[in-house]
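See structure below.
The values are calculated or read from the model by the stated rules, or taken from the named source; none is laboratory data. Treat the numbers as computed from the prediction; the structure is a model and nothing was measured. Don't worry about glycine lacking a Cβ; one is built from the backbone with ideal geometry, like all the others, and counts go over all protein chains shown.
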Amino acid sequence: MLAVAGSSIAIFWQGAFCFGFPGVMGPYWQGIFHVGRGPIGNILFFVLAPVGIFSFFVGRWQERWGTRRMITIGALICGLNIVTAAFASNISMLYLWAFLHGFGGCFIYIPALTTVQRWYPRRRGLVSGMVNMVFGSSGAIMAPVFAYMLESMGYVRMNIAMAAIASVVGVSAAQLTETPERVGLSKPEPQEGEESPSGRGVPLTVAEAIRTKSFWFLWLTMALQGAAGIAMVTLSTAFGLSRGLTMEFAVVILTVFNVTNGSSRILTGYLSDLVGRNSTMSITFFAAGGAYFALPHVNSLEASALLAAVIGFAFGTLFAVSAPLAADCFGLKHFGAIFGLVFTAFGFVSGTIGPSLGGYILDASKGNFLIVFTYLGIFCVLSGFFARRVLPSRSR
């Protein structure tokens, strides 16, 4: 379990700075840089863009240089880079911080999922869910901490402290994450269909994988459900404030979203090992669509938090189950490179049509959340149908 523990610890700060930091700091950045919600929503676009650009390459580099080295590099970038946000004098410097954070995150996320699945090939959903649980729940843990530290320490001192802590912890944890093959152990690839209710197709190369319908249905699922999920990181607190809540209570919506975003990952990852990846994903995505359709019509903190929890649950499911589903469909031999290509959907598309577009629509419509939440709900429903079409290949 050392590889699972090391991967989980290393990914904690990547998730905290992605899911918790922008949501808490968004209103602060709007005030000091005198910008609207659209430019703040762009921050997550710049976090995700390098994921689309570099995930495939990191998957390839990992095969050559190993998981430990990749995650060490990522931990250093994600940790030290927070100093860029600390001394940002304009919104463009925040975009630079966001881009570098996304770049560093590529070196952690794909290698972490690869190594735990190689150590536990018959429990892919469970171990992927464990790592993803830490990734998602880190935002829930750290969002109130960020808010408290901002109030008590000030913006610059808080960021410098976080940079030191994240760098030391991340690099230390990375030393536990090497794959079994690189530490002298052999973990054979499971035989077809023996470890997953989804079954398992023959191992495919990257070129073979991208010629399958399953690859593109998974790509579309990642793009649309990823957009619907990541949009809540910046929209949740803004929605709470629009309902007359104080910042202290508006952050509760973000925190609850991140709680289920994290906690669902181990639950649905484990369930997908038992009842199937496709059903697990589609049911939660349909539920998130219903939550988005209902959200504009509620006013209370309790109802808003409950619906945000459903959306967070589906977002966590996407990450917990999509990785083992990709392994079921395309094999583990080239998993890093293939899943890196799937992740281009999240990197290039989700940030643009989720938080960025949502922020600009809110600015143009004077805060009309009905428009934004309706189209995000449609994304969830479409993703539920697409997820059911991702099936293992039985022949080359």
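From 245, 241, grab the single residue that is over 23 Å from the mean Cα position of the chain (by Cα), surrounded by fewer than 24 Cβ atoms within 10 Å (Cβ to Cβ) and not in a helix (DSSP H, G or I).
Values: 241 fails: not in a helix (DSSP H, G or I).
Of 245, 241, the one residue that is over 23 Å from the mean Cα position of the chain (by Cα), surrounded by fewer than 24 Cβ atoms within 10 Å (Cβ to Cβ) and not in a helix (DSSP H, G or I) is 245.
What are the pairs with Cβ atoms under 7 angstrom where one residue, in the range 83-109, is among the aliphatic types (A, V, I, L, M) and the other, located anywhere, is not in a helix (DSSP H, G or I)? Sequence gap at least six, or different chains.
Note: pairs meeting the criteria are 91/35; 94/88; 100/81.
When you scan the range 344-387, how many residues do you find that are touching a Ser or Thr at 6+ places or on another chain (Cβ under 6 Å) and under 26 Å from residue 59 (Cβ atoms)?
Residues flagged as touching a Ser or Thr at 6+ places or on another chain (Cβ under 6 Å) and under 26 Å from residue 59 (Cβ atoms) within the range 344-387 amount to 4.
Search the range 301-329 for residues that are under 16 Å from residue 226 (Cα atoms) and of a type in the set (S, T, N, Q) and pair each with any residue that is surrounded by 24 or more Cβ atoms within 10 Å (Cβ to Cβ) and modelled with pLDDT under 90 when their beta-carbon atoms are under 6 Å apart and the residues are at least 6 apart or on different chains.
What qualifies is 317/264.
Read through the list (1) over 28 Å from residue 254 (Cβ atoms); (2) at pLDDT below 85; (3) part of a helix (DSSP H, G or I), then give the number of the only condition that residue 137 fails.
(1)
Step by step: first the residues of the range 13-50, then only those that are surrounded by fewer than 24 Cβ atoms within 10 Å (Cβ to Cβ) and among the aromatic types (Phe, Trp, Tyr), then the one that is farthest from residue 167 (Cα to Cα). Which residue is that?
Only one residue fits best here, namely 33.
Which condition from (1) part of a helix (DSSP H, G or I); (2) out of contact with any Phe, Trp or Tyr (no Cβ under 8 Å at 6 or more places or on another chain); (3) closer than 20 Å to residue 280 by Cα is the one that residue 391 breaks?
Looking at each condition in turn, residue 391 falls short on (1).
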